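J.: My questions will all concern the structure given below.
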Amino acid sequence: MAGRKYAALLTQGTEQDFESIYDYIAQCDCKANADRVLDRLLEVVESLATFPERGAYPKELIALGIREYRQTAFKPYRVIYRVIGRKVFIYLIADGRRDMQSLLARRLLGA
């Protein structure tokens, strides 16, 4: 239901994702770009508190018959999350060019 306020919560793994993304961009590009990307990703996460249902189901999980998780993006980064009640749990933020099948299996399914 649009307009309802949800709580967007980061998991421990997601906090590490933010650190890794920031460190990588700062090292390979510059801190200003790392700051910009981090700020934009945080905006995407915060926007889920208002419209969490807008995200699509990740195709890698649909192939396994799993429809509990959704995704949104700030390309090339994908934000994988799950809505439970009035809470939005952010499980993964990763570059979509990575092997997402393996990454999702490890992070979400414990494989």
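J.: Can you tell me how many residues within the stretch 96-111 are open to solvent by less than 30 Å² (accessible area, probe 1.4 Å) and either under 19 Å from residue 8 (Cβ atoms) or in a strand (DSSP E or B) (or both)?
T.: 1
J.: Please determine, by comparing only the residues of the stretch 86-95 that are part of a strand (DSSP E or B) and more than 14 Å from residue 69 (Cα to Cα), which one is most open to solvent (accessible area, probe 1.4 Å).
T.: For the stretch 86-95, the residue satisfying everything is 95.
The values are calculated or read from the model by the stated rules, or taken from the named source; none is laboratory data. Just so it is clear, the model here is predicted, and its values are computed rather than measured. Cβ atoms come from the backbone with ideal geometry, glycine included; neighbour counts cover every protein chain shown. Note: accessible area is taken over every heavy atom of the protein model, side chains too, but ligands, DNA and RNA are not part of it. Shrake-Rupley method; radii C 1.70, N 1.55, O 1.52, S 1.80 Å.
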